[in-house]
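One structure is given below, encoded as structure tokens.
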Amino acid sequence: MRNIPVDVSVLTFVCVSPARPKLISQETGEIKTDKDGNTVFTVGLAASDEMGRVELVNVSLSRDPGLAVGQVVRPVGLAGMVWEAELGGKMRWGIAYRAADLAPVAPVAVPSPVTSADTADAA
């Protein structure tokens, strides 16, 4: 399979689902490992461009990046790989994404709690 590098310089990535171990089989619960024996994790990201188009992508990497939902990240070494498989008697294909790392760009913005005084001021 050929890895296709992704130019991340024109995209903004936001974590939309936390890292979780990637499963080889749903039935057995077997967890995928890389060639060095490290657990492979999958992180859900929203990728947006300057035109406002958004795509949801799952990115695999060989460690838990410890990201929080809502955190802006920069994928390091992001590459796509086209795959094809027969699933349920039908040929399916897609693009699998893998990165060397997901580097935080900014901390998660935590909204300040709303108090009853704030709601009274707004009225």
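The values are calculated or read from the model by the stated rules, or taken from the named source; none is laboratory data. Keep in mind that this is a model prediction, so the values were computed, not measured. Counting neighbours? That spans all protein chains shown, and the Cβs are built from the backbone with ideal geometry, glycine included.
The single condition among (1) at pLDDT below 95; (2) surrounded by 14 or more Cβ atoms within 10 Å (Cβ to Cβ); (3) more than 14 Å from Pro104 (Cα to Cα); (4) not hydrophobic (A, V, I, L, M, F, W, C) that Gly80 does not meet is (1). Please verify whether Ala68 is at pLDDT below 95, small (Gly, Ala, Ser) and within 12 Å of the chain's Cα centre (by Cα), treating the condition exactly as stated. For Ala68, the condition - at pLDDT below 95, small (Gly, Ala, Ser) and within 12 Å of the chain's Cα centre (by Cα) - is met. So which residues in the range 23-47 are among the charged types (D, E, K, R) and either surrounded by 14 or more Cβ atoms within 10 Å (Cβ to Cβ) or closer than 19 Å to Gly80 by Cα (or both), if there are any at all? Answer for the range 23-47, where residues must be among the charged types (D, E, K, R) and either surrounded by 14 or more Cβ atoms within 10 Å (Cβ to Cβ) or closer than 19 Å to Gly80 by Cα (or both): Lys32, Asp34, Lys35.
Just the residues that are in contact (Cβ under 8 Å) with a residue 24 or more places away in the chain and aliphatic (A, V, I, L, M), please, taken from the range 28-53. Listed by number, the residues that qualify are Val43, Leu45, Ala46, Ala47. Of the strands (runs of 3 or more DSSP E) lying entirely inside the range 43-104, the ones with 3 or more residues being more than 19 Å from Ser9 (Cβ to Cβ) are found at 54-61, 79-87, 90-98. Just one residue in the set Val43, Val16 is of a type in the set (A, V, I, L, M, F, W, C) and more than 25 Å from Arg2 (Cα to Cα); that residue is Val16.
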